[in-house]
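K.L.:
My structure is below; once you've seen it, I'll send some questions.
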Amino acid sequence: MGMLWKIICALALLVSIPALAVPTEVVVHARAKDAKFIGTSMGGALVRIRDADSGRILAEGATSGSTGNTEKIMQQPHTRYGDISEGAAAFTATLDIDTPQFLTIEVLAPQAKKQAQVLAQTQTWLVPGKPIDGAGLLVEIPGFVIDVLAPQTHSSVDGNAVAIRANVVMMCGCPLTAGGLWDGSALDVGAIISRDGKPFKTVPLAMQQQPNTFAGQLSSLAPGVYRVQVYAYDPKTKNTGLDQTTFIVK
């Protein structure tokens with residue numbers, strides 16, 4: 001009877017001891033669509049790791065580091081287990097967990113350009129002691145970073161000639177040049193114009209000699225409030241981005 005009681009007590013003690021939390025690593029990369037990784041040069045990508053059921057934030061921070069190896073990412077053939085993210089920007093979190101956790105990973109990028117930010121997300125299970133490290137999780141961020149340079153926002157202009165200029169880069173900051181690796185001359189870039197809230201016209205913007213720069217012109221404009229929506233569209237990848245501004249002709 002004494003031995004049986006000891007066994008029962010030992011089992012009860014084992015049941016009452018909580019499982020120990022295991023530090024388990026998660027690595028997250030943000031890659032621009034058809035380009036490289038979003039890192040320090042673009043303010044990084046904000047990563048939030050949440051418990052998928054409760055929405056509670058378990059870890060957050062920005063990716064940091066370089067955009068990665070251009071040749072490896074954009075020019076060399078990719079193999080099944082090849083790691084194109086080696087040396088590129090990442091966010092690393094270590095979660096102390098004692099049971100498997102179903103996670104939602106949110107990525108908001110790029111942080112340096114609020115008007116161009118895109119929120120992308122994925123979900124995964126994380127098992128204690130089974131890290132998602134190395135190449136980790138790769139979240140794609142579509143779009144272009146577009147800055148309308150002219151006309152200036154809410155400026156009053158002469159309706160005889162209004163120049164439209166925009167700067168366009170990939171979401172990782174990679175440059176567009178005519179005939180380059182990211183061929184700006186192959187993109188469809190234009191300005192959709194409305195006047196006093198009604199559709200007016202669309203003006204194509206041509207690639208300029210200066211990298212990333214596109215320009216066009218409006219003329220003979222009647223008085224009114226104009227909205228300019230500059231878009232970039234890649235017919236091959238279907239990647240799309242937009243920025244907008246307003247100006248006034250009195």
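K.L.:
Among 99, 104, which is outside any strand (DSSP E or B) and of a type in the set (Ser, Thr, Tyr)?
P.N.:
After ruling out the rest, the residue left standing is 99.
K.L.:
Here's a follow-up. Kindly evaluate residue 162 against the criterion of being in a strand (DSSP E or B), closer than 29 Å to residue 106 by Cα, in the same structural domain as residue 230 (by TED's automatic domain parsing) and β-branched (Val, Ile, Thr). Lay out the reasoning, then the answer.
P.N.:
Working: in a strand (DSSP E or B): yes; closer than 29 Å to residue 106 by Cα: no; in the same structural domain as residue 230 (by TED's automatic domain parsing): yes; β-branched (Val, Ile, Thr): yes.
Answer is no for this residue.
K.L.:
With (1) outside any loop (DSSP other than H, G, I, E, B); (2) surrounded by 17 or more Cβ atoms within 10 Å (Cβ to Cβ); (3) of a type in the set (Gly, Ala, Ser) as the list, and residue 68 as the residue in question, which single condition is left unmet?
P.N.:
Against the list (1) outside any loop (DSSP other than H, G, I, E, B); (2) surrounded by 17 or more Cβ atoms within 10 Å (Cβ to Cβ); (3) of a type in the set (Gly, Ala, Ser), residue 68 comes up short only on (1).
K.L.:
Scan the stretch 232-250 and report the pairs whose first residue is basic (Lys, Arg) and whose second residue is assigned to a loop (DSSP other than H, G, I, E, B), with Cβ atoms within less than 7 Å and a gap of 6+ or a chain change.
P.N.:
250/223
K.L.:
With 67, 24, 63 as the choices, which residue is at pLDDT 95 or above, in the same structural domain as residue 131 (by TED's automatic domain parsing) and over 28 Å from residue 173 (Cα atoms)? Break it down stepwise before answering.
P.N.:
Numbers: 67 fails: over 28 Å from residue 173 (Cα atoms); 63 fails: over 28 Å from residue 173 (Cα atoms).
When all the criteria are applied, what remains is 24.
K.L.:
Residue 203: aliphatic (A, V, I, L, M), more than 26 Å from the chain's Cα centre (by Cα), surrounded by 15 or more Cβ atoms within 10 Å (Cβ to Cβ) and outside any loop (DSSP other than H, G, I, E, B), yes or no?
P.N.:
On the way: aliphatic (A, V, I, L, M): yes; more than 26 Å from the chain's Cα centre (by Cα): yes; surrounded by 15 or more Cβ atoms within 10 Å (Cβ to Cβ): yes; outside any loop (DSSP other than H, G, I, E, B): yes.
When the stated conditions are applied, residue 203 passes them.
K.L.:
What do you reckon, is residue 124 surrounded by fewer than 18 Cβ atoms within 10 Å (Cβ to Cβ), within 26 Å of the chain's Cα centre (by Cα) and assigned by TED's automatic domain parsing to the domain that holds residue 51?
P.N.:
Details: surrounded by fewer than 18 Cβ atoms within 10 Å (Cβ to Cβ): yes; within 26 Å of the chain's Cα centre (by Cα): yes; assigned by TED's automatic domain parsing to the domain that holds residue 51: yes.
Against the criterion (surrounded by fewer than 18 Cβ atoms within 10 Å (Cβ to Cβ), within 26 Å of the chain's Cα centre (by Cα) and assigned by TED's automatic domain parsing to the domain that holds residue 51), residue 124 qualifies.
K.L.:
Let me ask you something else. Search the stretch 30-62 for residues being in contact (Cβ under 8 Å) with a residue 60 or more places away in the chain, of a type in the set (A, V, I, L, M, F, W, C) and out of contact with any Lys or Arg (no Cβ under 8 Å at 6 or more places or on another chain), and hand back the single one that is nearest to residue 94 (Cα to Cα).
P.N.:
It comes out as 47.
K.L.:
Could I ask something else about it? Tell me which residues, restricted to the stretch 206-232, are within 17 Å of residue 174 (Cβ to Cβ) and either of a type in the set (Gly, Ala, Ser) or in a strand (DSSP E or B) (or both).
P.N.:
207, 213, 214, 232
K.L.:
For the stretch 63-94, name all the residues that are small (Gly, Ala, Ser) and touching a Lys or Arg at 6+ places or on another chain (Cβ under 6 Å). If you could, list the steps in order and put the result at the bottom.
P.N.:
Filtering the stretch 63-94 for residues small (Gly, Ala, Ser) gives 64-66, 68, 82, 85, 87-90, 93.
Once the filter is applied, which keeps residues that are small (Gly, Ala, Ser) and touching a Lys or Arg at 6+ places or on another chain (Cβ under 6 Å), the stretch 63-94 yields only 68.
K.L.:
Here are 218, 176, 187: which of them is surrounded by 21 or more Cβ atoms within 10 Å (Cβ to Cβ), over 30 Å from residue 74 (Cβ atoms), free of Cβ contacts under 8 Å to residues at least 60 places away in the same chain and in the same structural domain as residue 149 (by TED's automatic domain parsing)?
P.N.:
Values: 176 fails: over 30 Å from residue 74 (Cβ atoms); 187 fails: over 30 Å from residue 74 (Cβ atoms).
Result of the check over 218, 176, 187: 218.
K.L.:
List the number of the failed condition for residue 101; all other conditions in (1) in contact with a Leu (Cβ under 9 Å, 6 or more places away or on another chain); (2) closer than 11 Å to residue 49 by Cβ; (3) surrounded by fewer than 18 Cβ atoms within 10 Å (Cβ to Cβ) hold.
P.N.:
Among (1) in contact with a Leu (Cβ under 9 Å, 6 or more places away or on another chain); (2) closer than 11 Å to residue 49 by Cβ; (3) surrounded by fewer than 18 Cβ atoms within 10 Å (Cβ to Cβ), residue 101 violates only (3).
K.L.:
Pairs please, first residue from the stretch 67-96 and closer than 17 Å to residue 26 by Cα, second anywhere and modelled with pLDDT under 95 and β-branched (Val, Ile, Thr), Cβ atoms under 9 Å, 6+ apart in sequence or on different chains.
P.N.:
Cβ pairs passing all conditions: none.
K.L.:
While we're looking at this one, here's another question. Before we move on, is residue 75 surrounded by fewer than 19 Cβ atoms within 10 Å (Cβ to Cβ) and under 17 Å from the mean Cα position of the chain (by Cα)?
P.N.:
Numbers: surrounded by fewer than 19 Cβ atoms within 10 Å (Cβ to Cβ): yes; under 17 Å from the mean Cα position of the chain (by Cα): no.
No; evaluated as a whole, the condition is false for this residue.
The values are calculated or read from the model by the stated rules, or taken from the named source; none is laboratory data. None of the values given here were measured: they were computed from a predicted structure. Neighbour counts run over all protein chains shown; Cβ positions are idealised from the backbone, glycine included.
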